[in-house]
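The values are calculated or read from the model by the stated rules, or taken from the named source; none is laboratory data. Just so it is clear, the structure is predicted and the values come from calculations on it, not from any experiment. Using ideal geometry, Cβ is built from the backbone for each residue, glycine included, and neighbour counts are taken over all protein chains shown. For the accessible areas, the whole protein counts, side chains as well, though only heavy atoms, and no ligand, DNA or RNA atoms are used. Shrake-Rupley method; radii C 1.70, N 1.55, O 1.52, S 1.80 Å.
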Amino acid sequence: WDNADFSRGVGTTFYQEFSTLNTAKPPFVRDVEAKVRQYLRSSYSAAWTLKITWEKAPVHTARTDTRKTITYQAVLTTDGFRSYILMLYQDGGMQWDYTRLTSTNVLIGYT
């Protein structure tokens, strides 16, 4: 885990909410449902989904060098009974220079 620093005017954060109970589902929500079904091997139909995107986020320790950024998303979804989160990272993985971090045991994701 590392902190992003948006205080220098580089990068942005935005979100999009999808309330799909009794409405047609956009392709993004159908894709989320397919991923949940694939990874968990269970039936799933989303009633609500929230996509949060951190775009071109610079690392906190990049005080002067903001060229290495990363774009990632957290997607929260629920059918009203079960809830899931998908952590999605840009192609190419983490762009931050992890060799400059104080900790060297770096992972992407969570356990």
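Within the stretch 13-29, the residues that satisfy the criterion of being surrounded by fewer than 12 Cβ atoms within 10 Å (Cβ to Cβ) and of a type in the set (S, T, Y) are T13, Y15, T23.
Of all residues in the stretch 2-29, those that are touching a Leu at 6+ places or on another chain (Cβ under 9 Å) and outside any loop (DSSP other than H, G, I, E, B) total 4. Could you say whether any residue in the stretch 30-48 is open to solvent by less than 40 Å² (accessible area, probe 1.4 Å) and at pLDDT below 75? No, the stretch 30-48 contains no residue that is open to solvent by less than 40 Å² (accessible area, probe 1.4 Å) and at pLDDT below 75. Here the stretch 53-63 is the region considered, the condition is being in a strand (DSSP E or B) and open to solvent by 40 Å² or more (accessible area, probe 1.4 Å), and the residue that is modelled with the lowest pLDDT is K56.
Out of W96, W1, one residue alone is touching a Lys or Arg at 6+ places or on another chain (Cβ under 6 Å) and either at pLDDT below 85 or of a type in the set (S, T, Y) (or both). It is W96.
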